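S.K.: After the structure tokens below, expect a handful of questions from me.
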Amino acid sequence: MEFFDDEKNWGQNEVKVGRSWKKDELRIKSNSDLHKLWYVLLKEKNMLLTMEHECKEQTQLFPNPERIDKVEESMKNLEDVVRERNEAYFKLETGETGERPGRIQTGQLGLRGYYRMTEHHIPKVMNTRWQKEHKCYSHTVDVRSFLKLYREKLFLEKRKERNRERNHVMGLMKRFPNLDVEAVKKQFPSVDIEKIRYHKKTRGHRENIC
């Protein structure tokens, strides 16, 4: 039953929970406490995933689904803190970070990503399986066509995001004529405030009354 939530929370529309753990709070804890907290968070995550699946099976509402995000954020922060301590220890003892080495390389679809190296029993020049998995096909026609469409998709997404921010700022300036322009520029740096200030969508239907 530890894979399920408390029975008093079953069927509830909302469950009161706290926030995720911050890095500053985790840094002051000992390694033993971090080790115990990791398993508490892992147990909580398993319980929440079980309850989410059960609610879907029973076609019921899963209360506060953001609880999973909070637990995952706490686990990520805990991992970052542990990595910071390991890096500091290895730098003090050996002068190196202790992290597994890696490099930026091009994948099979022509996309560049970070590859974390691992140890193999067979050398790279003799490991046909490794060569097949890491072979780059960026010179082929299909991959070049894919990269062209992928870059076009990224460009359209960025343009839509800029248009959404621009229209949002226009709506704010239309509803609030005395808006703090400097604050808007700071929050939306990609929007040209001076260019849209006199746009018809920004002015609205207000008239000067003498």
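The values are calculated or read from the model by the stated rules, or taken from the named source; none is laboratory data. Computed from a predicted structure; not experimentally measured. Positions of Cβ are generated from backbone atoms using ideal geometry, with glycine treated the same way; all protein chains shown enter the neighbour counts. Side chains are part of the model used for accessible areas, which takes the heavy atoms of the whole protein and leaves out ligands, DNA and RNA. Shrake-Rupley method; radii C 1.70, N 1.55, O 1.52, S 1.80 Å.
S.K.: Just to compare against my own numbers: the Cα pair-distance distribution for the chain, 5 Å bins, whole % per bin, please.
M.R.: Answer for the chain: a P(r) of 1, 5, 8, 8, 7, 7, 11, 14, 15, 11, 7, 3, 2, 1, 0, 0, 0, 0 percent.
S.K.: Tell me the per residue accessible area of the range 29-72 using a 1.4 Å probe; a whole number in Å² is fine. It would help to have the intermediate numbers written out before the result.
M.R.: Details: 2860 Å² over 44 residues.
I get 65 Å² per residue for this part.
S.K.: Quick check: Cα centre of the range 15-93 to Cα centre of the range 153-190, how many Å?
M.R.: Spelled out, the Cα-based centre of one part sits 35 Å from the other.
S.K.: Hydropathy at least -1.0 by Kyte-Doolittle, axial extent at least 15 angstrom from the Cα trace: which helices of the chain, defined as entire DSSP H runs, fit?
M.R.: On the way: long enough: 31-57 (39 Å, -0.63); 66-93 (41 Å, -1.24); 141-175 (51 Å, -1.15).
Helices meeting the span and hydropathy rule in the chain are 31-57.
S.K.: Here is a further query. Quick one: net charge of S30's neighbours, Cβ under 11 Å, K/R +1, D/E -1?
M.R.: Numbers: positive: R27, K29, K36, R85; negative: D33.
Here the count lands on +3.
S.K.: Take the solvent-accessible surface of the protein heavy atoms, probe 1.4 Å, and return the percent of it on the chain that carbon and sulfur atoms account for. Could you put the intermediate results ahead of the total?
M.R.: Values: 8930 of 17110 Å².
For the chain, the apolar C and S fraction of the accessible surface comes to 52 percent.
S.K.: Hey, can you find the accessible area per residue of the range 86-210 for me, probe 1.4 Å, expressed in square angstrom?
M.R.: Numbers: 10990 Å² over 125 residues.
Ligands and nucleic acids excluded, the figure is 88 Å² per residue.
S.K.: What ³J(HN,Hα) values, in whole Hz, does the Karplus curve 6.51 cos²θ - 1.76 cosθ + 1.60 give for the range 134-139 when θ = phi - 60°, with x put for Gly and Pro?
M.R.: Values, residue by residue: 10, 6, 9, 10, 5, 7 Hz.
S.K.: Beyond a 27 Å Cα-Cα separation, which of these cross-linked pairs lie in this structure: K76/K148; K70/K148; K160/K195; K160/K186; K158/K185?
M.R.: Details: K76/K148 34 Å; K70/K148 37 Å; K160/K195 18 Å; K160/K186 20 Å; K158/K185 18 Å.
The answer is K76/K148; K70/K148.
S.K.: Per the helix-only calculation at 222 nm, which mean residue ellipticity applies to the chain, given -39500 (n - 2.57) for every DSSP H run of n ≥ 4 and division by its residues, nearest 500 deg cm²/dmol?
M.R.: Values: 8 runs with 116 residues, N = 210.
Here the helix-only value at 222 nm equals -18000 deg cm²/dmol.
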